[in-house]
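Student: One structure coming up, written as structure tokens, with questions to follow.
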Amino acid sequence: MGLIKMSKLEEMKISNHNLSELEKDLALNGEVESTEDIVTEELAIHFGPQHPSAHGVFHAIFHVKGEVVTKIEPDIGYLHRCFEKIAENRTYTQFIPYTDRMDYVASMTNNWAYCMAVEKLAGIEVPERAEHIRVIVGELQRIASHLVFLSTAGSEAGALTPFVYFFDEREGILTLYEKICGARLTYNYIRIGGVRADAPEGWLDDTLAFVTRLKKRMYDYDRLVLGNYIFKKRFIGVAPFSAEQALDWGLTGPPLRSTGVSYDVRRSDPYSVYPRLEFDVVVKYKGDNYDRACIRSDEIKQSIRIIEQAIEQIPEGPVKADGIAKVFKPAAGEGYGHVESPKGDLGFYVVSDGTTKPYRVKIQGPSFGNLQALPAMSEGTYIGDVVLTLGTLDPVFGEVDR
Amino acid sequence: MSDENIMNQGNSEEISAGIKIVEEKGIGYTLTVEREDLFKAASALKEAGFDLFLFVSGIDYPESIKLTYRVYSSKRQNKLAVMLKTEVPKSDPTVDSLVPLWSAANWHERETYDLYGVIFKGHPDLRRIFLPQDWVGYPLRKDYSDDHMTVMDDGKKDKDKAAAKDKPAAAAPKESAEKQDAPEQPSDIADANEVSTNGSDKNE
């Protein structure tokens, strides 16, 4: 009913002088007969920078005509800390904790991408066991990040119950992280040449027990959120994007794969032990908000598959390459390492001039690239849906602004 | 699948006439061009199937700023990503914008303009993206200094190394002496000085 009223309002042309009359009519009859001489005015509405649905400090100006958004002017930079400049004044190892503070919902993959870039720059081989542990914690991180996505996507559409369930599950992952590295949010666990320490005794069994339980529960959760009638009504067919548009706007990660483009760094530029693991790159084809939401739920199931195999295959051995000093000097050169983070293609481009500090660190944050498409994606949709579209792009502003 | 292909195909390929990508240690396939040829080379890459623009990065050198673009192809079977490199002199840091080819270049070029001061010709909306529009200087250049921002502290905050290096001898001792023989100074200001001194020590 609410939706029908909105579309009526949009069709009608509203102006200030007869708004009260219009409201009276709407209240009495549910519609207005004569809309001939009504003029529409465009309004500019500020969204954020402090807004509960803004996923962080995001400021945008929405130009609206009735309920329909005609133009969006994003304004970012409220969380800009210029990590790239800080990196030039820290040693290679010292910069790892800073990467935790970029995509703070998925710190582990940030550590991983940065360390991988430095390893490529310096030509460091990572031991097998460390690679397996990296895959396990990396995929756990993907699950945690996608759980946060599903809970916030639900709550933005008015469903507050899933929030509790998903955060409870995420708590399980944070507890596992706490056991392996002592931290719950900013891990600083993946180090250049390996990981900080081996998994404690029993940790792999705990992880396996956790994913086994989650695997069973995911089907209930799918029905709770993605199968919900209201959720479907709000998400299906809203803000669709074609593959051409998605590529043109530089989307990566789940938003790109929801349009039918199978770009997943784990497959297209394989790293670590992913070539040896069986999993599917989840691809959807409609590219609307619902596909962007479903794809994350399916990726959680694939991540569970990966974790199960990695735990099965993990060999004994060292977890850190030998001979890497805390302060080390890679030869002058360049290194580019990227991983498939929960948000998309996360890359670090590190340039060395042969000293103990990087000459340049460029951070390619997928949230930045994805957020750029928001205006193209949601112009022409209802203002109430823009927040959902923003949610399905899943930007984290620590990474957008860096 | 694709990684095996890459191995089998050798380490260079001619994309079109005169445009040859070469494998480089650490970063994969690379194409280096003069800045006048950038748009032409980028167009050739786009035509060859590189349809996803990932980033542009500046690197500051004393005489020039090097630019590195990364593009990815969703269509090709091997050599899926290319680093496109060019260089602009600092005296005239202009280069063609790639927004006509990839809309995604828009924000990335604005970022490089914001932090490096590279001017992208033909960009539809070249404004600063992270920093306020009235910001002075380009922070990621090596010679960037934010001294102008500390004017409100009467220079007292500048007792750190950088300031001492800029104004040798005279300035630093004079300031510390001033601080010592000023007991009538309100205690909160003295505290503020204390804190900032500690902070800069920690950073060193």
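The values are calculated or read from the model by the stated rules, or taken from the named source; none is laboratory data. None of the values given here were measured: they were computed from a predicted structure. Because the Cβ atoms are built from the backbone with ideal geometry, glycine has one as well, and the counts that use them run over all protein chains shown. Side chains included, ligands, DNA and RNA excluded: accessible areas come from the protein's heavy atoms. Shrake-Rupley method; radii C 1.70, N 1.55, O 1.52, S 1.80 Å.
Student: Filter the range A:263-284 down to residues that are in contact (Cβ under 8 Å) with a residue 40 or more places away in the chain and either open to solvent by less than 40 Å² (accessible area, probe 1.4 Å) or in a helix (DSSP H, G or I) (or both), then give me how many there are.
Tutor: 9
Student: Another one. For residues in the range B:120-150 being open to solvent by 70 Å² or more (accessible area, probe 1.4 Å) and among the basic types (Lys, Arg), which is farthest from the other protein chains (Cβ to nearest Cβ)?
Tutor: Applying the filter and picking the extreme gives B:Lys121.
Student: In the set A:Tyr177, A:Tyr219, which member is in the same structural domain as A:Glu139 (by TED's automatic domain parsing) and surrounded by 17 or more Cβ atoms within 10 Å (Cβ to Cβ)?
Tutor: A:Tyr177
Here is a yes/no grid of residues against (1) modelled with pLDDT of 90 or more; (2) within 18 Å of A:Ala321 (Cβ to Cβ); (3) not aliphatic (A, V, I, L, M):
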residue	(1), (2), (3)
A:Lys120	no, yes, yes
A:Gly123	no, yes, yes
A:Val135	yes, yes, no
A:Glu139	yes, no, yes
A:Ala144	yes, no, no
A:Val148	yes, no, no
A:Ser155	no, no, yes
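Student: Please state which one of B:Asp60, B:Asp51 is touching a residue at least 24 places away in the same chain (Cβ under 8 Å) and more than 27 Å from A:Pro358 (Cβ to Cβ).
Tutor: Testing whether each residue is touching a residue at least 24 places away in the same chain (Cβ under 8 Å) and more than 27 Å from A:Pro358 (Cβ to Cβ) leaves just B:Asp51.
Student: Moving on to the next point. Collect the residues in the range B:26-71 that are within 13 Å of chain A (Cβ to nearest Cβ), of a type in the set (Ser, Thr, Tyr) and open to solvent by less than 50 Å² (accessible area, probe 1.4 Å), keeping them in residue-number order.
Tutor: Answer for the range B:26-71, where residues must be within 13 Å of chain A (Cβ to nearest Cβ), of a type in the set (Ser, Thr, Tyr) and open to solvent by less than 50 Å² (accessible area, probe 1.4 Å): B:Tyr29, B:Thr30, B:Ser57, B:Thr68, B:Tyr69.
Student: Additional query: Yes or no: the range A:236-248 includes at least one residue that is under 17 Å from the mean Cα position of the chain (by Cα) and either within 14 Å of another protein chain (Cβ to nearest Cβ) or over 27 Å from A:Tyr336 (Cβ atoms) (or both).
Tutor: yes
Student: Looking at the range A:333-352, is at least one residue in the same structural domain as A:Val238 (by TED's automatic domain parsing), in contact (Cβ under 8 Å) with a residue 60 or more places away in the chain and surrounded by fewer than 18 Cβ atoms within 10 Å (Cβ to Cβ)?
Tutor: no
Student: Can you tell me which of (1) under 29 Å from A:Val64 (Cβ atoms); (2) buried (at least 24 other Cβ atoms within 10 Å of the Cβ) is the one A:Ala376 doesn't meet?
Tutor: (2)
Student: Continuing with the same structure: If you take the residues in the range B:1-22 that are open to solvent by 10 Å² or more (accessible area, probe 1.4 Å) and in contact with a helix residue (DSSP H, G or I) (Cβ under 9 Å, 6 or more places away or on another chain), which one is modelled with the highest pLDDT?
Tutor: B:Ile19
Student: Working carefully through the options A:Gly260, A:Gly287, find the one that is in contact with a Pro (Cβ under 8 Å, 6 or more places away or on another chain) and either in a helix (DSSP H, G or I) or farther than 25 Å from A:Glu119 by Cβ (or both). Break it down into steps so the answer makes sense when it comes.
Tutor: Numbers: A:Gly260 fails: in contact with a Pro (Cβ under 8 Å, 6 or more places away or on another chain).
Answer to the check: A:Gly287.
Student: Which condition number in (1) assigned to a loop (DSSP other than H, G, I, E, B); (2) farther than 29 Å from A:Ala310 by Cα is the one that A:Leu185 fails?
Tutor: Failed condition: (2).
Student: So which pairs qualify, if the first residue must be in the range B:11-33 and on the phi > 0 side of the Ramachandran plot, the second must be surrounded by 16 or more Cβ atoms within 10 Å (Cβ to Cβ) and of a type in the set (Asp, Glu), the Cβ gap must be under 9 Å, and the two must be at least 6 apart or on different chains?
Tutor: Within 9 Å, the pairs are B:Gly26/A:Glu334; B:Gly28/A:Asp269.
Student: Right, next: Please go through (1) open to solvent by 30 Å² or more (accessible area, probe 1.4 Å); (2) modelled with pLDDT of 90 or more; (3) in contact with a Ser or Thr (Cβ under 7 Å, 6 or more places away or on another chain) for B:Glu109 and return the number of the only condition it doesn't satisfy.
Tutor: With respect to (1) open to solvent by 30 Å² or more (accessible area, probe 1.4 Å); (2) modelled with pLDDT of 90 or more; (3) in contact with a Ser or Thr (Cβ under 7 Å, 6 or more places away or on another chain), B:Glu109 is out only on (1).
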